[in-house]
1. Output the qualifying pairs, or none if there are none: Cβ atoms under 7 angstrom, residues six or more apart or on different chains, first residue in the range 111-123 and under 14 Å from residue 139 (Cβ atoms), second residue assigned to a strand (DSSP E or B).
2. Residues in the range 143-178 that are touching a strand residue (DSSP E or B) at 6+ places or on another chain (Cβ under 6 Å) and either free of Cβ contacts under 8 Å to residues at least 12 places away in the same chain or at positive phi (or both): how many?
3. Can you tell me which of 222, 190 is part of a strand (DSSP E or B), crowded, with 20+ Cβ neighbours inside 10 Å, in contact with a helix residue (DSSP H, G or I) (Cβ under 7 Å, 6 or more places away or on another chain) and in contact (Cβ under 8 Å) with a residue 24 or more places away in the chain?
4. State all residues of the range 325-347 that are exposed (fewer than 15 other Cβ atoms within 10 Å of the Cβ) and either outside the structural domain of residue 364 (by TED's automatic domain parsing) or at pLDDT below 85 (or both); if no residue qualifies, say none.
5. So residue 302 fits all but one of (1) in a loop (DSSP other than H, G, I, E, B); (2) surrounded by fewer than 20 Cβ atoms within 10 Å (Cβ to Cβ); what number is the exception?
6. Please determine whether any residue of the range 244-253 is farther than 17 Å from residue 268 by Cα, in contact (Cβ under 8 Å) with a residue 24 or more places away in the chain and assigned to a strand (DSSP E or B).
7. Of these, 148, 161, 153, which one is surrounded by fewer than 13 Cβ atoms within 10 Å (Cβ to Cβ) and under 19 Å from residue 112 (Cβ atoms)?
8. What residue, among those in the range 405-418 that are touching a strand residue (DSSP E or B) at 6+ places or on another chain (Cβ under 9 Å) and more than 12 Å from residue 460 (Cβ to Cβ), is surrounded by the most Cβ atoms within 10 Å (Cβ to Cβ)?
């Protein structure tokens, strides 16, 4: 019995001797080995390792007195987690992280804590960022170029049911005609609140307009004469008018706008981006037009003076080039896709009867007429009037009047008949584009170019 007690005591004593000392610590493996301390011996929360001893690190009121291992000054001691905003930012934190959430300092927990230059509190990162949608702003208007929310006092608000007598404020939106008339230098923005506006003609004249129509539809005609117009988000269903959008001597940007009907352009300087519908566009005299990431049926019927640039876009139908020029015509179409099932052998792009001085260039485009039997997809002027340049395009099936440097192979769309013009695996357009000097950095979808060794021909970049 006595011998067993002695052995038991000895074993207990051995266990006691090997138990780690809770006050002893080391900073890394080498430090542990040099001081004969078990590797990984760290201090509990609120304590720091000093001279291989765990001690309480005190602080005054500022977390700058603490270290990054326990960055927050809580009740006079440095701690691993914050408990309220007064302890932020923690030691080593960015100065903008002034709010405590779930034990750490973050930049924001709600929009009102963000600066005007980055007004949105991102729920995924608890950091402030630029706005990207109107719904992210209390005013319902995001200036997407600046990434800032437009102050409601600078906006005239219209509602489909708004009365003429309202003051066009966010609280009391007015009728569309009243809001249009009320736009001025102090209130340059017009917000068409969601709904259907049945105004026969929305006429824009002398003033400059920044119109946001996200969620709104205009059933009628939008006319713009002598104005600077920035238009975004509106759907125009010009079913009862000769034109859905009629522009004359107007400059500006038309972005993310859907048009059902005809667009007439005369004497305008407009940038179209993400135009859909698809509309029928007729470009006439004295225009400077750019089209990017858009879908439509685009036609040129200029008597004089035109600069027309199209990239990353889809043309459904024949691309009209009916030009009887009395001025200079410069047209450049790159990285675009043309699909014309109704052409049936007629050229998608016809350059036979053009008059000088005319310069029309197609580079890195796809032309596809699925019902072509033996016609020319591109007519570059067999009568010697060769005022169009076709370089490195896919023309399918181009059986006559072929153009040197083009590719007469099936572009292999995913499902063109259903409107899907993305490239399928094995498409000859993949990695086949040539450098133009003004190659876009993204495609129709916003996918970065290139995805492979080189850019792809057409409006869509193939994603492996």
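1. Sorted first by the residue in the range 111-123, then by its partner, the pairs are 111/120; 111/121; 116/148; 119/148; 119/149; 120/128; 120/129.
2. 1
3. So the residue among 222, 190 that is part of a strand (DSSP E or B), crowded, with 20+ Cβ neighbours inside 10 Å, in contact with a helix residue (DSSP H, G or I) (Cβ under 7 Å, 6 or more places away or on another chain) and in contact (Cβ under 8 Å) with a residue 24 or more places away in the chain is 190.
4. Scanning the range 325-347 gives 326, 327, 328, 344, 345.
5. Of the numbered conditions (1) in a loop (DSSP other than H, G, I, E, B); (2) surrounded by fewer than 20 Cβ atoms within 10 Å (Cβ to Cβ), the odd one out for residue 302 is (2).
6. No: the range 244-253 contains no residue that is farther than 17 Å from residue 268 by Cα, in contact (Cβ under 8 Å) with a residue 24 or more places away in the chain and assigned to a strand (DSSP E or B).
7. From the options 148, 161, 153, the qualifying one is 153.
8. Step by step, filter the range 405-418, then rank; the result is 406.
The values are calculated or read from the model by the stated rules, or taken from the named source; none is laboratory data. Here the structure is a predicted model, which is why all the values come from computation and not from measurement. Virtual Cβ from ideal backbone geometry, glycine too; neighbours counted across all protein chains shown.
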